[in-house]
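Peer 1: Here it is: the structure, laid out below.
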Amino acid sequence: MKASERIAPRSRRRRRAPAVTIHDVAARAGVSVATVSRVLNGKELVREETSRQVRAAAKSLRYVPNVAARSLSIRRSQTIGIVLPDVHGEFFSEIIRGIDVAARRAGYHILVSGSHSDAGEMLEVLETMHGRVDGLIVMAPDVAFASLREPLAPGLPLVLLNSADNDLDSITIDNYGGARTMMRHLGELGHERIAFIRGPAQNGDARERLRGFRQSMRAHGAAARALECSGNFTEESGYDAAKRIVEMKPRPTAIFAANDAMAIGALSELSDAGLDCPRDVAVAGFDDIRVGRYITPSLTTVHVDVDELGRRAFELVHEAIENPSEPEPRRECVGTSLVIRNSTRIRPRGRKGGVQ
């Protein structure tokens, strides 16, 4: 046999050690399998000394519970479904993060999908998640939720984000109050001609923020609608709206955008137009996404604790899973606060008082 034809020796494969089972942990700890199960599942029926003994045995054996088997035994997937209008953008990513952190602490995973604010797509998503999740968190401010009930399994725990339903748990943002607070801030700086960049007309959050703007302008006797421009919560729409605003006669001294993305787009247009913010035109947003702190000038905005929003949404759906007999729908409202940064710090030239 030629050297080139020599057969390479077979590599010796190491035999995998058998997986550690709950029976091994019970034997090491000197307790029953049932006791090990109660300890590892967080039941309160075990003495502290026994609990420490079991956990020490599990750690020494590097025991990993069989999640799939446990899920079958309790008929749960240990998964929460999340349906959002979109999964792109900092606001949505922060909501997902808030839910995920809370879910992991409770031993749950998340299944995320976007509906693109389309009722048909949302129906498909909900049908796809059927049987795969123990509960749902749905943000559908653009969709009438009554039309989406059919694909939901009866009794499936569900929490609505930023929309409300008389029969379901829900968490909303104080959009109206936040808009009034921002308008008060701009008024105290002396701004009277304040332009507003609206969000999508069908979006509940956008409508409440617009209502807050209009109420403030009305209280001051100012004509609000002539100073409004349409937008769709994107940077591009904020940029285009700001183009129209700088051409208004007389030009507004401040722009309030219904979200931070549009405010950032407006800042870009002001820069391209050779206008200084805030000396020529002040700019404010809503949501307090992280990037707003690091742009120039840093963005004045209405802070929404999005992490808290996600955390509370998970807590509500988790409580509904653990206590399915909860009689009354729970409704919560997450407050907002004003964050003043460089984009509004200077008074407009020659102004002392404005919209309140």
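Peer 1: Going by what's in this entry, would residue 297 be described as within 23 Å of residue 136 (Cα to Cα) and touching a residue at least 40 places away in the same chain (Cβ under 8 Å)? Steps first, answer last, please.
Peer 2: Details: within 23 Å of residue 136 (Cα to Cα): no; touching a residue at least 40 places away in the same chain (Cβ under 8 Å): yes.
Taking the combined requirement at face value, the residue does not satisfy it.
Peer 1: If you don't mind, there's one more thing I want to ask. How about the range 101-130: which of its residues are more than 20 Å from residue 203 (Cβ to Cβ), open to solvent by 30 Å² or more (accessible area, probe 1.4 Å) and either among the charged types (D, E, K, R) or in a loop (DSSP other than H, G, I, E, B) (or both)?
Peer 2: Within the range 101-130, 104, 105, 106, 107, 124, 127, 130 qualify.
Peer 1: Got a number for residues in the range 89-99 being open to solvent by 40 Å² or more (accessible area, probe 1.4 Å) and over 20 Å from residue 235 (Cβ atoms)?
Peer 2: 1
Peer 1: Within the range 250-300, which residues are over 19 Å from the mean Cα position of the chain (by Cα) and of a type in the set (Gly, Ala, Ser)?
Peer 2: Listed by number, the residues that qualify are 254, 257, 263, 265, 266, 268, 271, 273, 274, 282, 284, 298.
Peer 1: Based on this model, can you work out whether residue 212 counts as touching a residue at least 24 places away in the same chain (Cβ under 8 Å), part of a loop (DSSP other than H, G, I, E, B), surrounded by 18 or more Cβ atoms within 10 Å (Cβ to Cβ) and touching a Lys or Arg at 6+ places or on another chain (Cβ under 7 Å)?
Peer 2: On the way: touching a residue at least 24 places away in the same chain (Cβ under 8 Å): yes; part of a loop (DSSP other than H, G, I, E, B): no; surrounded by 18 or more Cβ atoms within 10 Å (Cβ to Cβ): yes; touching a Lys or Arg at 6+ places or on another chain (Cβ under 7 Å): yes.
No; evaluated as a whole, the condition is false for this residue.
Peer 1: Which residues, taken from the range 34-55, are open to solvent by less than 60 Å² (accessible area, probe 1.4 Å), under 39 Å from the mean Cα position of the chain (by Cα) and farther than 14 Å from residue 22 by Cβ?
Peer 2: If the condition is that a residue be open to solvent by less than 60 Å² (accessible area, probe 1.4 Å), under 39 Å from the mean Cα position of the chain (by Cα) and farther than 14 Å from residue 22 by Cβ, then 42, 46, 51 are the ones that fit.
Peer 1: Can you tell me how many residues within the range 219-243 are at pLDDT 95 or above, open to solvent by 20 Å² or more (accessible area, probe 1.4 Å) and more than 20 Å from residue 205 (Cβ to Cβ)?
Peer 2: Looking only at that region, the number is 3.
Peer 1: Enumerate the pairs (first residue in the range 317-344 and part of a helix (DSSP H, G or I); second residue anywhere and of a type in the set (S, T, N, Q) and at pLDDT 95 or above) with beta-carbon separation below 9 Å, excluding pairs fewer than 6 apart on the same chain, so at least 6 apart or on different chains.
Peer 2: Going by the 9 Å Cβ cut-off, the qualifying pairs are 342/296; 342/298; 342/300; 343/298; 343/300; 343/301; 344/300.
Peer 1: So which residues in the range 200-209 are open to solvent by 30 Å² or more (accessible area, probe 1.4 Å) and not polar (S, T, N, Q)? Reasoning before the result, please.
Peer 2: The initial filter retains those residues of the range 200-209 that are open to solvent by 30 Å² or more (accessible area, probe 1.4 Å), namely 201-202, 207-208.
Matches in the range 200-209: 201, 207, 208.
The values are calculated or read from the model by the stated rules, or taken from the named source; none is laboratory data. Since the model is a prediction, treat every value here as computed from it, not as a measurement. Here the Cβ is made from the backbone with ideal geometry for all residues, glycine too, and neighbour counts use every protein chain on show. Remember, those area values only see protein heavy atoms, side chains included, never the ligands or the DNA or RNA. Shrake-Rupley method; radii C 1.70, N 1.55, O 1.52, S 1.80 Å.
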